[in-house]
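The values are calculated or read from the model by the stated rules, or taken from the named source; none is laboratory data. The model shown is predicted, which means the values in this text are computed figures rather than measured ones. A quick note on method: Cβ atoms are made from the backbone with ideal geometry, for glycine too, and the neighbour counts reach across all protein chains shown. Just the protein is used for accessible areas: all its heavy atoms, side chains included, with ligands, DNA and RNA removed. Shrake-Rupley method; radii C 1.70, N 1.55, O 1.52, S 1.80 Å.
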Amino acid sequence: MSSAHSAVPMAGSAPSPSSPVSSAAADAAAAAAAAPTIAELLEFVRRTAGDEALIASLPLDPEGRTWIRLDGPGGSEAWLIGWPPGTGTGWHDHADSIGAFTTAAGALKEHSLAVRLPTDGWKTLELTDGVDRSRELAAGQGRAFGQNHVHEVLNESEDVHAISVHAYYPPLPRIRRFSRTGAVLRLEQTESPEDWQ
C-alpha cells in the first residue's frame with residue numbers, strides 16, 4: 001500500500017476545508033483506517049465458509065471452476081469458488097494484495113514458496129533448496145498470506161468437488177502467473193482484472 005503525505009500547516013494557519021491536499025489526505029487516511037487486516041480477511045472467509053445456504057448456491061461444473069463474486073469486508077474483493085476434481089490454479093501471486101482463503105467443502109492442497117520475489121523487472125529465477133511448502137486444507141481450514149505470496153491451489157480428489165472462499169485487499173490490481181520447471185520459476189504473464197472478471 002502506498003502511504004499518504006499531507007502538508008503541515010504553519011503556525012496560525014489552517015488548511016481550507018475545501019483544500020485538495022487536505023481532502024485527499026483525509027480520504028487516504030479514512031481508506032487506511034477502514035482497510036481490513038489479514039486477520040479480518042481470514043475471519044471473514046472462515047465465517048462465510050460456514051454459511052451452508054451460500055455454499056449450496058454455487059453452481060458446480062464437472063469440467064471447470066465456477067465462481068460468485070462476494071462483498072468482502074472493508075472494500076476487499078471476495079470470491080466463492082468451486083473446484084472440480086483434478087483442477088488447480090497453476091503458480092501465481094496476487095501482487096500487492098494481502099489475502100486469505102478457507103475450504104468450505106471437500107479438500108484443497110496449497111503448494112507455496114517461502115521466498116520473497118522481486119516485484120518487477122525479472123523473467124526467470126532459480127529457487128534455492130528448502131523454499132517449498134505444502135499444506136492440506138480440509139473443510140473448515142484456511143490460511144492467510146501477505147503481499148507477493150507465490151502459490152498454487154489444487155483439488156487433488158479424483159471424484160469430489162471442493163468449494164472455497166477467498167478475500168483480497170486491496171481488490172486485485174493484477175495477478176502474475178508463473179511456470180515452474182524444477183528449481184526454475186518463470187514469469188509467464190501478468191493479468192489485470194478485466195482478464196478474469
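Inside the range 58-88, residues that are in contact (Cβ under 8 Å) with a residue 24 or more places away in the chain and on the phi < 0 side of the Ramachandran plot make up a count of 18.
Taken as a whole, the condition of being more than 21 Å from Ser76 (Cβ to Cβ), open to solvent by 30 Å² or more (accessible area, probe 1.4 Å) and in contact (Cβ under 8 Å) with a residue 12 or more places away in the chain does not apply to Ala162.
Criterion first (open to solvent by 40 Å² or more (accessible area, probe 1.4 Å) and closer than 20 Å to Arg180 by Cβ) does Thr87 satisfy it?
No, not satisfied.
For the range 107-122, the count of residues that are of a type in the set (Gly, Ala, Ser), out of contact with any helix residue (DSSP H, G or I) (no Cβ under 7 Å at 6 or more places or on another chain) and free of Cβ contacts under 8 Å to residues at least 24 places away in the same chain is nonzero. Working only within the range 115-133, note down all residues that are surrounded by 11 or more Cβ atoms within 10 Å (Cβ to Cβ) and not β-branched (Val, Ile, Thr). Across the range 115-133, the qualifying residues are Arg116, Leu117, Trp122, Leu125, Leu127, Asp132, Arg133. Can you name every residue in the range 176-197 that is among the hydroxyl-bearing types (Ser, Thr, Tyr), open to solvent by less than 60 Å² (accessible area, probe 1.4 Å) and within 16 Å of Asp132 (Cβ to Cβ)? The one that is among the hydroxyl-bearing types (Ser, Thr, Tyr), open to solvent by less than 60 Å² (accessible area, probe 1.4 Å) and within 16 Å of Asp132 (Cβ to Cβ): Ser179.
In the condition set (1) surrounded by 20 or more Cβ atoms within 10 Å (Cβ to Cβ); (2) free of Cβ contacts under 8 Å to residues at least 12 places away in the same chain, Asn155 is compliant with all but (2).
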